1. Which translational diffusion coefficient, to the nearest whole µm²/s, is obtained for the range B:172-213 from the Stokes-Einstein equation, given a Kirkwood hydrodynamic radius over C-alpha pairs, 4 °C and 1.567 mPa s?
2. Give me the inter-chain shielding for A:86-93: mean count of other chain Cβ atoms within 10 Å, whole number please.
3. What are the nm distances, shortest first, from A:GLN96 to its equivalents in the other copies, labels at 7 Å along Cα→Cβ?
4. Taking 24 Å as the cut-off for C-alpha to C-alpha distance, list the pairs among B:LYS199/B:LYS249; A:LYS179/A:LYS221; A:LYS162/A:LYS186 that go past it.
5. Calculate, in whole percent, how much of the Cα-Cα pair population of the range A:3-252 lies beyond 21 Å.
6. Between beta-carbons, use under 15 Å as the cut-off and find the net charge around A:LEU119, counting Lys and Arg +1, Asp and Glu -1.
7. Find out how many positive minus negative residues lie around B:TRP228, taking Lys and Arg as positive, Asp and Glu as negative, among other residues whose Cβ is under 12 Å from that of B:TRP228.
8. I'd like the distance between the alpha-carbon centres of the range A:128-201 and the range B:34-113, rounded to an integer number of Å.
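The values are calculated or read from the model by the stated rules, or taken from the named source; none is laboratory data. These figures come from a predicted structure and were not determined experimentally. Cβ: placed from backbone, ideal geometry, glycine included. Neighbour counts: every protein chain shown. Side chains are part of the model used for accessible areas, which takes the heavy atoms of the whole protein and leaves out ligands, DNA and RNA. Shrake-Rupley method; radii C 1.70, N 1.55, O 1.52, S 1.80 Å.
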There are 2 protein chains.
Amino acid sequence: MAVTDRRKFMQSLAAGASGAAILSAAQVVADEKKPTHNDSVLAPGATVLFQGDSITDAGRSRDVAEEPNNQKALGNGYAWMAASQMLVGLPEANLQIFNRGISGHKVFQLADRWDKDCLDMKPNVLSILIGVNDIWHMLGGNYDGTVTVYENDFDALLARTKEALPQVQLVICEPFVLKCGAVDDKWFPMFDEYRAAAKRVAEKHSAIFVPFQAMFDEAVKYAPPEHWARDGVHPSPFGCQLMAHEWVKTVSHAKVS
Amino acid sequence: MAVTDRRKFMQSLAAGASGAAILSAAQVVADEKKPTHNDSVLAPGATVLFQGDSITDAGRSRDVAEEPNNQKALGNGYAWMAASQMLVGLPEANLQIFNRGISGHKVFQLADRWDKDCLDMKPNVLSILIGVNDIWHMLGGNYDGTVTVYENDFDALLARTKEALPQVQLVICEPFVLKCGAVDDKWFPMFDEYRAAAKRVAEKHSAIFVPFQAMFDEAVKYAPPEHWARDGVHPSPFGCQLMAHEWVKTVSHAKVS
């Protein structure tokens, strides 16, 4: 039963219904428990695109980038792990998964390559993880962008995306850091403002928001920050698997709005 | 609403109900969507024990083995990855997770240490992955057990467990191999008989069955066997994350019977 049909059915129930309809209510509950992807973001045949910086790039091969669902094209990070979880766990969804993360990139660099590396690919689901370089390169003196520039650039990128692809389901991943390695006190509280900006932009554009910082804040209760990301920025396989599980859980449980 | 309450409510609906009860049917559907662990295998405060061989052991520290939810005690394999996914994703469940896998072990070696390493620990959820050494050591001429010995030993271990811990929720993980490294044609079709035996034993004892071989058979469509387990037996971080996600998905979706 599609979401709209179910809503209509429940409305008819609430308005007063026949005995037959009452009997069917048990079936509605049973149907809710059946795995179905008809009203899922991960609809059959959906094209899923991961975009971002080095955390998304994760050593992906450019040579086979045009091939969907190819491990070398998807790299060795959370994007590939999330992809493999979806491909193996939901084979009937026939997803077409791509990665176009590029190491070192900030929001304005995504914008520079957006036609080719996003809009022309017409993704149904577009996941973006961006922001750590916007602050890191600024702290290092190699970039003059502020959190306002980050938010405005990000907002403009999503507005442009929605205009070109009105049906796209956006997934905004929260920028995160672990407090170790390259991440020292200088990052705070400014980094929290970048996270808040990402969340505001996600809400403005009705994106699914994947709360990676909250996840890692919980994770450090069980293992030290270095276990999850040695340099504080680039996740280990343990960090990547946690991200992949969180991404798949969040996105696969979300319903088409 | 607990499972039994919900069943009673749906029965009362089916038997004929008042307008107020009909209105409440919409709430029942809404309640189904809320995350709740009351009727979940992963109930609040549950003790979860991973048992098995080197795949489960995965370099765990014996020094801190008594501490639940400790990364060093849980090792670097699928058990730790599954644990971290549960601990981080379900903090309200307050799970107490342990690992007692020991490298090289076969079923009879689990039996030898079962009082101390399982029954005395009184797990609520007991996950066992065992079998690859039962065939591997036999093929290598270092063990004379057959698939019948494996099945009978496994059956007896579970009967003993259920007698001591009638309420325990068993999780039997399917033994698996990738066709590479140490795993050559000599393994087949005999290995398939070990898998079938594990499944029979799981069904006999009402265990949740985690289909790892089916999962890896799907995974090799996207990356070569060596990507998932270089020697065909011990999973890489990529293999472990897939196992962890599958384990958590299967067990967290299972309901208390």
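1. Calculated translational D: 118 µm²/s.
2. For this peptide, the per-residue mean of nearby foreign Cβ atoms is 3.
3. 5.2
4. Beyond 24 Å between Cα atoms: A:LYS162/A:LYS186.
5. Pairs farther apart than 21 Å: 61 percent.
6. +1
7. Neighbourhood net charge equals -1.
8. 36 Å
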